[in-house]
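A short worksheet on the structure shown next.
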Amino acid sequence: EDKVVQSPLSLVVHEGDTVTLNCSYEVTNFRSLLWYKQEKKAPTFLFMLTSSGIEKKSGRLSSILDKKELFSILNITATQTGDSAIYLCAHGQGAQKLVFGQGTRLTINP
Amino acid sequence: EPEVTQTPSHQVTQMGQEVILRCVPISNHLYFYWYRQILGQKVEFLVSFYNNEISEKSEIFDDQFSVERPDGSNFTLKIRSTKLEDSAMYFCASKEILYEQYFGPGTRLTVT
């Protein structure tokens, strides 16, 4: 059974800090690794990493995939209070289901 | 920007009652999904739907659950006889062939 594990489960930092969120996975047939941000309700898409795209960046957020060591990290620099959310990592099996990790709850204090 | 919509946002029902959760996926998307998230737990896959049939379902998706795409726009999840443990946030999602899944805002189901 595919497994996605995130760490830490919870993180509290001050505005302006840089944070690194971790996601490790054990899957039978790797297709893609996705990051979502969940604020009040729906997960909103951040990045998708595949064998052909192992590094993504958007503004202060960036993510890399290490297929050899089976993990991904999500980096947020110069954090703002609006970055406070639960960050979800998921393995995407082609057109089929997403298998999610348990999420990292990130709190940014002013 | 197109988005997935879900109704209702909150549904309260009594144990044993039937509920139907409704979703309108993004119009050019081909794959549709339901997930649920029990409070404080992981987002869990329930079912995927493509070409008017179920393509995969989880162990959670037993005989009391069914899905339907009754017309060209709606995608519904029916729970026939609700149990207390069905209380959760239910998310609908949709995608094109190759890209990421887009999630709706969810329906919070409370079974009393």
Counting only the heavy atoms of the protein chains, how much of B:S9 is accessible to a 1.4 Å probe, in Å² to the nearest 10? 70
Which FRET efficiency value, to the nearest 0.05, do you get for A:Q96 and B:T110 by plugging their Cβ-Cβ distance into 1/(1 + (r/R0)^6) with R0 = 25 Å? 0.25
Filter A:K40/B:K57; A:K41/B:K57; A:K37/A:K57; A:K3/A:K57; A:K97/B:K42 down to the pairs with a C-alpha to C-alpha distance above 20 Å, please. A:K40/B:K57; A:K41/B:K57; A:K3/A:K57
Work through the residues other than A:V5 whose Cβ is under 14 Å from its Cβ and net out their charges, Lys, Arg +1 and Asp, Glu -1. -2
Provide the per residue accessible area, probe 1.4 Å, for segment A:51-109, rounded to a whole number of square angstrom. 44
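Considering only protein heavy atoms and a 1.4 Å probe, what is the carbon-and-sulfur percentage of the accessible area of chain A? Spell out each step's value before the answer.
Numbers: 2670 of 5400 Å².
Here carbon and sulfur together make up 50 percent of the probe-accessible area.
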Lys and Arg at +1, Asp and Glu at -1: add these up for the other residues within a Cβ distance under 13 Å of B:E59 and post the number. -2
If you average 1/r over every pair of different alpha-carbon atoms in segment B:37-112 and take one over that average, what Kirkwood value in Å do you get? 13.6
I need the shape label for segment A:1-96. Rule: rounded when a/c is under 1.5, else prolate if a/b > b/c, else oblate, with a, b, c from the alpha carbon gyration tensor. prolate
For B:S73, the accessible surface traced by a 1.4 Å probe with all protein chains present amounts, in square angstrom to the nearest 10, to 50
Surface accessible to a 1.4 Å probe, per residue, for the residues of chain B, Å²: 52
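With a 1.4 Å probe, what is the total accessible area buried between chains B and A, in Å² rounded to the nearest 100? Kindly include the intermediate steps, with their values, before the conclusion.
Numbers: alone 6580 and 6230 Å², together 11190 Å².
It comes to approximately 1600 Å² buried between B and A.
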Find how many whole Å separate the alpha carbon centroid of segment B:81-95 from the alpha carbon centroid of segment A:4-75. 25
Here the net charge surrounding B:T107, from other residues whose Cβ is less than 13 Å away from its Cβ (Lys, Arg +1; Asp, Glu -1), is +4
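The values are calculated or read from the model by the stated rules, or taken from the named source; none is laboratory data. None of these values were measured; they are calculated from a predicted model. Because the Cβ atoms are built from the backbone with ideal geometry, glycine has one as well, and the counts that use them run over all protein chains shown. Heavy atoms of the whole protein, side chains included, go into the accessibility calculation; ligands, DNA and RNA do not. Shrake-Rupley method; radii C 1.70, N 1.55, O 1.52, S 1.80 Å.
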